[in-house]
Amino acid sequence: MLKKLFLSGAFAIPFFFSAQETTVSESRVSIIPSVGYAWRLAKMPEGISKESKDYIRGLKSGVDVSVSAYYHLKGNGAVGLKYSTYFASSDGRISVQNSNGQIVSGFVSTKDNISFIGPAYMFSNFKDETRHKLFYDIAVGVITYTTKTGSVKGTGSNVGLEANFAYQYAISNHIFIGPKIGLTGGALSKMKYNGTTVDFGEDEREGLSRLSLSAAATFRF
């Protein structure tokens, strides 16, 4: 009797594991939020005062936040959507030339925001049996700039590009964490200030490119 039970169990074991394998589904979706710091790459204007330079430096670095959602294809590729945003603010005294040619100065406070959203493609080794995870992604979409100084609000948008590379350590099969470096590119040839459109010259375009360093987490479902 025991021999028959043993033989029956041995015969059933392969089917048991086969049934287990078919019930374990592969993670197909990855959500990747990140938070860090970024530096704008546009050059400082020439011929301005030290006070104006200090004021502009406050707007050239700030907090960078992003979130991406990807659906994994066969192989190592994935497609999805990426959103990122940059915040910076600065207070200081600046000097400008008025319509009469006179130099006037005053204390100003400015808040800047640069946002990007667009479809993205990611290549990763998330499916490999290793705790050391790597991914890079690239996205093309819309980059939007909003700046507000006192009662004056400026807005503009254009086509933008974003690319990232990251190393992450898998603390479980569904959660990875690690550093990420990113580059966002874009520029504006015109903006609206309180509803009035201002066109910039070729050498006066508003550069929105920035380099970011962040801590990123991946959650797989």
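The values are calculated or read from the model by the stated rules, or taken from the named source; none is laboratory data. Bear in mind that the values here come from a model prediction, so they are computed numbers and not experimental data. Ideal geometry is used to build each Cβ from the backbone, glycine not excepted, and the neighbour counts take in all protein chains shown. What goes into the accessible areas is simple: the full protein's heavy atoms, side chains included, and nothing from ligands, DNA or RNA. Shrake-Rupley method; radii C 1.70, N 1.55, O 1.52, S 1.80 Å.
Below are the figures for this structure:
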item: Given (1) modelled with pLDDT of 80 or more; (2) under 28 Å from residue 144 (Cβ atoms); (3) more than 25 Å from the chain's Cα centre (by Cα), number of the condition residue 51 does not satisfy; result: (2)
item: Members of region 120-140 that are under 19 Å from the mean Cα position of the chain (by Cα) and either hydroxyl-bearing (Ser, Thr, Tyr) or open to solvent by 90 Å² or more (accessible area, probe 1.4 Å) (or both); result: 121, 124, 136
item: From the options 8, 27, 18, 34, residue that is modelled with pLDDT of 80 or more and either in contact with a helix residue (DSSP H, G or I) (Cβ under 7 Å, 6 or more places away or on another chain) or outside any loop (DSSP other than H, G, I, E, B) (or both); result: 34
item: Residue in region 94-103 that is open to solvent by 80 Å² or more (accessible area, probe 1.4 Å), out of contact with any helix residue (DSSP H, G or I) (no Cβ under 9 Å at 6 or more places or on another chain), among the β-branched types (Val, Ile, Thr) and farther than 19 Å from residue 42 by Cβ present; result: yes
item: Filter result (surrounded by 15 or more Cβ atoms within 10 Å (Cβ to Cβ) and hydroxyl-bearing (Ser, Thr, Tyr)) within region 38-80; result: 52, 55, 61, 66, 68, 70
item: Members of region 141-161 that are surrounded by 16 or more Cβ atoms within 10 Å (Cβ to Cβ) and not hydroxyl-bearing (Ser, Thr, Tyr); result: 141, 143, 154, 156, 158, 160, 161
item: Check on residue 184, crowded, with 19+ Cβ neighbours inside 10 Å, closer than 28 Å to residue 72 by Cα and either among the hydroxyl-bearing types (Ser, Thr, Tyr) or without any contact (Cβ under 8 Å) to a residue 24 or more places away in the chain (or both); result: yes
item: Pair list, Cβ under 8 Å, 6 or more apart: region 131-157 residue of a type in the set (D, E, K, R), other residue open to solvent by 50 Å² or more (accessible area, probe 1.4 Å) and assigned to a strand (DSSP E or B); result: 131/169; 133/167; 133/169; 137/121; 137/123; 148/111; 153/193
item: Every residue from region 195-217 that is surrounded by 11 or more Cβ atoms within 10 Å (Cβ to Cβ) and in a strand (DSSP E or B); result: 198, 206, 207, 210, 211, 212, 213, 214, 215, 216, 217
